[in-house]
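For reference, the structure is listed below as structure tokens.
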Number of protein chains: 2
Amino acid sequence: MEFSNKELMQKDINYIWHPCTQMKDHEQIPIIPIKNAKGVYLYDFDGNKYIDAISSWWVNIFGHSNEYINNKIKDQLDLLEHVILAGFTHKPAIDLAEKLVKITPDGLNKVFYADNGSSAVEIALKMSYHYHLNVNDKRTLFLSLSNSYHGETIGALSVGDVELYKKTYKPLLLKCIQTPVPKDQTLQSANDALLSLENILKKDGSSISAFIVEPLVQGAGGMHMYHEEYLRGARELTKKYGIHLIVDEIMTGFGRTGKMFACEYAKIEPDFMTLSKGLTGGYLPLSVVMTTDNVYNAFYCDYNEFKAFLHSHSYTGNTLACTAAIATLEIFEKENTIEKNVELSRHMKKNMARFDNLKNVKNCRILGMIAVIELTEIDVKKRVGLKIYEYALSRGVLVRPLGNTIYVMPPFIITKDEIDTIFDTIYNAIVEKL
Amino acid sequence: MEFSNKELMQKDINYIWHPCTQMKDHEQIPIIPIKNAKGVYLYDFDGNKYIDAISSWWVNIFGHSNEYINNKIKDQLDLLEHVILAGFTHKPAIDLAEKLVKITPDGLNKVFYADNGSSAVEIALKMSYHYHLNVNDKRTLFLSLSNSYHGETIGALSVGDVELYKKTYKPLLLKCIQTPVPKDQTLQSANDALLSLENILKKDGSSISAFIVEPLVQGAGGMHMYHEEYLRGARELTKKYGIHLIVDEIMTGFGRTGKMFACEYAKIEPDFMTLSKGLTGGYLPLSVVMTTDNVYNAFYCDYNEFKAFLHSHSYTGNTLACTAAIATLEIFEKENTIEKNVELSRHMKKNMARFDNLKNVKNCRILGMIAVIELTEIDVKKRVGLKIYEYALSRGVLVRPLGNTIYVMPPFIITKDEIDTIFDTIYNAIVEKL
């Protein structure tokens, strides 16, 4: 049976409440039903195609319906789709954990599995708090950066600082402190922000369990970028005050910033790292919390001391998701992806040069495979981002600006021609629509 | 390359921190690496097999590596593995939502997707709170049952009441109220508990946003069961006080209690229903929150009124997970599963009769495909459950008692002979080990 976009959209609207969406918008803007996808292209039911320039919410790495990953999942389906991870284990969970320990910063030796980024952040927060309890040091405060985003469940939302997501739920949230994020990518602003951090730690350091940061790039906070010196300084200061450093690499991990993990730029060893999104190459929900032997050992004791970390999700360490993740890491190795991306990033940067001359453009910045065109302040109610979205879509490009910030985060298998198409489209959108 | 259990366990222990586990236990108890599985059987790397009598943490429904589900996932892999669900959609998400709306109680017309049960509970809580804000009625309290379990993220943990999971994190949790769960399955105790509920609502009713319940069976709270009259009464009372009723069917849904959803026993129409676990047949992490047009409409307005529900997870409505869920629901239809399970449940009940005569057994109870043998109170430090677990495992049966409560929750494709094996093993474990 054949379907049209219109038919399917109507059926969709009847039943689905979409995430992060004012559903009334879709009285004007069509919801696009995707029939199939290959590489960077999404195909709808009316025969249109779209370049997925945002990697389907920052998750896809090696393109849609990737043959290598597909085959690995198909093989695994015939063996084992899932098994309880308490008391039991399976080879994909073990192999993935081993690979992750090898490629993440030194010291991160233990892998705790979960299903999505928010849950990973909650686990890191609970582990940090519980660690301190286990060593007789009660610390009930968490510290995060201003303008940060760490997810949507109550704990994760509490350490975030994007008003749009958080404001409504304030009375439900955990009390947290924010310290200013460096205001730009300069060394000076990193040092300024470190002074603020030090002042907060002097005052509240002994009550703070963990400091959680998005390293170098704050995703939902408008792809704001800062200097790596801030991470180095923050690592030193948190160590001094016995505070855990949680590096949330859910968005930045797996090559997105030009290195495998953003914190490699600063050569730091965090106490916790959270990973998701690119972990499975954009295939399946999976997240992990990586931590140190020191943290692990504080929970390791006779059962009857009741110090164990009893957190669980039913699908923890799902076999199929681990399989997708292993296949993804294998492609990184086979294809020498991180190195190849240097050239793609350079090509995006070249494409961005002409935007500096546009009167509505405030700032262009790029780090690895994240290219950002920030427009001048325009009243949020004018919904400039939405105009850019609609324009680009009508020309076969999926971008999804965050307010006035347009960003390009393509799958790593994109070609230079496709990059040109994306930037040409955005350029024309700004010229024609603003 | 061939591996042994021992080799893989060592590698596992080096890298993985298992959920809900005191890792030191595994100095004595082996972690069992599963190589493959088929139907109710798990096979390890040393050639042993185990009947999965707990459906791998209550998720598996139609057996492991089910050919029908496997084939549907393989076909979908060649089309589309995943696409962003904001602005875009896909057929598996639409078809699944349509099916869920059809089979759930009247009034639950909208489907909001997420990845795991905890996240679904958090979404329901946030939606309920936000709904009231949107209609100018600020209600910051949540009500739940004593002895309840709703997940492990901060919000979900806050509405739970199992001390073992919650106590450690008290200072981080949202303030919630508990009302007593009916103390047993009698009508009398349901009515007693309704009186307590009414007293709480008289006092705090106008501050309470939602009352969240596990319908008829409290899973992690020792498979405690209560009479359906409580649900009917709770629905009436919550309606009277303008309080949402959230029915958490994450464990009870998809035939586990003998009906498709436990709340069918009470013929109630809740405001929210949360689903996960069995939803994908035990294949992949996926959860949904179902709600009413009334709730949906309170968020439906012009964007610039800023009333939208902005919650999202990257993998929301994952295409492969939706595909597994559709295949699972199709098997229910094709196989007439709910009806067939009546006979299996009866056979489990028959098997349970002889346990009443054992001196260490306090209570036997069953509802649909959940059979429970509760032992007499024995000091938790004696870890009776662990002894039963080890004994059964050495005889090829995976059970995982909750403290002194042994339960059997098998996949629905189990045979009567396999049921006999499970109960014989448990019987012998109690006789020989206690």
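The lone criterion from (1) touching a residue at least 12 places away in the same chain (Cβ under 8 Å); (2) farther than 29 Å from B:GLY368 by Cβ; (3) within 7 Å of chain A (Cβ to nearest Cβ); (4) not aromatic (Phe, Trp, Tyr) left unmet by B:CYS301 is number (1). Just to be sure, is A:GLN178 in a strand (DSSP E or B), out of contact with any Phe, Trp or Tyr (no Cβ under 9 Å at 6 or more places or on another chain) and assigned by TED's automatic domain parsing to the domain that holds A:ALA327? Yes, satisfied. Determine whether region A:62-75 contains at least one residue that is within 20 Å of the chain's Cα centre (by Cα), open to solvent by less than 10 Å² (accessible area, probe 1.4 Å), at positive phi and more than 7 Å from chain B (Cβ to nearest Cβ). Yes, because at least one residue in region A:62-75 is within 20 Å of the chain's Cα centre (by Cα), open to solvent by less than 10 Å² (accessible area, probe 1.4 Å), at positive phi and more than 7 Å from chain B (Cβ to nearest Cβ). Go through (1) outside any helix (DSSP H, G or I); (2) under 21 Å from B:GLY221 (Cα atoms); (3) in contact (Cβ under 8 Å) with a residue 40 or more places away in the chain one by one and return the number of the condition B:ARG139 breaks. Every listed condition holds for B:ARG139 apart from (2). Does region A:287-299 contain at least one residue that is in contact with a Leu (Cβ under 6 Å, 6 or more places away or on another chain), open to solvent by 10 Å² or more (accessible area, probe 1.4 Å), closer than 15 Å to A:VAL111 by Cα and of a type outside the set (S, T, N, Q)? No, there is no match, as no residue in region A:287-299 is in contact with a Leu (Cβ under 6 Å, 6 or more places away or on another chain), open to solvent by 10 Å² or more (accessible area, probe 1.4 Å), closer than 15 Å to A:VAL111 by Cα and of a type outside the set (S, T, N, Q). If the condition is being at the interface with chain A (Cβ under 7 Å from one of its Cβ atoms) and either among the hydrophobic types (A, V, I, L, M, F, W, C) or over 14 Å from A:HIS90 (Cα atoms) (or both), then region B:28-61 contributes B:ILE31, B:ILE32, B:ILE34, B:ALA37, B:LEU42, B:TRP57, B:TRP58, B:VAL59.
For B:ASN147, indicate whether it is more than 9 Å from chain A (Cβ to nearest Cβ), open to solvent by 10 Å² or more (accessible area, probe 1.4 Å), within 24 Å of B:ALA220 (Cβ to Cβ) and in a loop (DSSP other than H, G, I, E, B).
Details: more than 9 Å from chain A (Cβ to nearest Cβ): yes; open to solvent by 10 Å² or more (accessible area, probe 1.4 Å): yes; within 24 Å of B:ALA220 (Cβ to Cβ): yes; in a loop (DSSP other than H, G, I, E, B): yes.
Yes: the conditions hold for B:ASN147.
The set of residues in region B:242-267 being of a type in the set (Val, Ile, Thr) and open to solvent by 10 Å² or more (accessible area, probe 1.4 Å) consists of B:ILE250 alone.
Checked against (1) at pLDDT 95 or above; (2) more than 20 Å from the chain's Cα centre (by Cα), A:GLY160 passes all but condition (2).
Scanning region A:300-325 for residues that are hydrophobic (A, V, I, L, M, F, W, C) and open to solvent by less than 20 Å² (accessible area, probe 1.4 Å), which turns out farthest from A:ARG256 (Cα to Cα)? Per the stated criteria, the residue is A:CYS301.
Close contacts from region A:95-124, counting a first residue that is at the interface with another protein chain (Cβ under 7 Å from one of its Cβ atoms) and at positive phi and a second that is open to solvent by 20 Å² or more (accessible area, probe 1.4 Å) and hydrophobic (A, V, I, L, M, F, W, C), with Cβ to Cβ under 8 Å and a gap of 6+ residues or different chains, come to none at all.
Going through region B:370-384 one residue at a time, which ones are open to solvent by 10 Å² or more (accessible area, probe 1.4 Å) and either away from every other protein chain (no Cβ under 13 Å) or in contact with a Gly (Cβ under 9 Å, 6 or more places away or on another chain) (or both)? Across region B:370-384, the qualifying residues are B:GLU374, B:THR376, B:GLU377, B:ILE378, B:VAL380, B:ARG383. Mind listing just one residue for me: the one in region B:78-114 that is within 23 Å of B:ILE246 (Cα to Cα) and of a type in the set (Asp, Glu) and, of those, most open to solvent (accessible area, probe 1.4 Å)? The selected residue is B:ASP106.
Filtered by the rule that a residue be over 17 Å from A:THR316 (Cβ atoms), outside any strand (DSSP E or B) and open to solvent by less than 10 Å² (accessible area, probe 1.4 Å), region A:269-286 gives A:PRO270, A:GLY278, A:GLY281, A:GLY282, A:TYR283.
Selection of region B:122-157 for residues being of a type in the set (D, E, K, R) and either within 18 Å of the chain's Cα centre (by Cα) or not assigned by TED's automatic domain parsing to the domain that holds B:LEU174 (or both) yields B:GLU122, B:GLU152. Residues of region A:1-36 that are within 20 Å of A:GLU390 (Cα to Cα) and within 25 Å of the chain's Cα centre (by Cα): A:HIS18, A:PRO19, A:CYS20, A:THR21, A:GLN22, A:MET23, A:ILE31, A:ILE32, A:PRO33, A:ILE34. Restricting the first member to region A:183-208 and to residues that are more than 19 Å from A:THR140 (Cα to Cα) and assigned by TED's automatic domain parsing to the domain that holds A:LEU237, and the second to residues that are at pLDDT below 95 and assigned to a helix (DSSP H, G or I), no beta-carbon pair is closer than 6 Å while six or more apart or on different chains.
Take B:THR238 and decide whether it is more than 30 Å from B:ARG346 (Cα to Cα), of a type in the set (Val, Ile, Thr) and either modelled with pLDDT of 95 or more or part of a helix (DSSP H, G or I) (or both). Here the answer is yes, as B:THR238 does meet what is asked. Annotation: of all residues in region A:36-61 being touching a Leu at 6+ places or on another chain (Cβ under 7 Å) and among the charged types (D, E, K, R), the one that is surrounded by the fewest Cβ atoms within 10 Å (Cβ to Cβ) is A:LYS49.
Identify all residues within region B:76-86 that are more than 8 Å from every other protein chain (Cβ to nearest Cβ) and more than 27 Å from the chain's Cα centre (by Cα); write none if there are none. If the condition is that a residue be more than 8 Å from every other protein chain (Cβ to nearest Cβ) and more than 27 Å from the chain's Cα centre (by Cα), then no residue fits. Can you find a residue that is of a type in the set (Val, Ile, Thr), assigned by TED's automatic domain parsing to the domain that holds A:ALA120 and open to solvent by 20 Å² or more (accessible area, probe 1.4 Å) anywhere in region A:211-223? No, the conditions are met nowhere in region A:211-223.
Do we find that B:GLU7 is at pLDDT below 95 and either surrounded by 20 or more Cβ atoms within 10 Å (Cβ to Cβ) or on the phi < 0 side of the Ramachandran plot (or both) in this structure? Outline the logic, then answer.
Working: at pLDDT below 95: no; either surrounded by 20 or more Cβ atoms within 10 Å (Cβ to Cβ) or on the phi < 0 side of the Ramachandran plot (or both): yes.
So B:GLU7 fails the test.
Listed conditions (1) aliphatic (A, V, I, L, M); (2) touching a Gly at 6+ places or on another chain (Cβ under 8 Å); (3) surrounded by fewer than 20 Cβ atoms within 10 Å (Cβ to Cβ) are all met by B:LEU187, apart from (2). Answer yes or no as to whether A:LYS175 is charged (D, E, K, R), over 30 Å from B:LYS6 (Cβ atoms) and either open to solvent by 30 Å² or more (accessible area, probe 1.4 Å) or more than 10 Å from chain B (Cβ to nearest Cβ) (or both). Answer is yes for this residue.
The values are calculated or read from the model by the stated rules, or taken from the named source; none is laboratory data. From a predicted model like this one, the values you see are computed outputs, not experimental measurements. Every residue, glycine among them, receives a Cβ derived from its backbone with ideal geometry; neighbour counts consider all protein chains shown. For the accessible areas, the whole protein counts, side chains as well, though only heavy atoms, and no ligand, DNA or RNA atoms are used. Shrake-Rupley method; radii C 1.70, N 1.55, O 1.52, S 1.80 Å.
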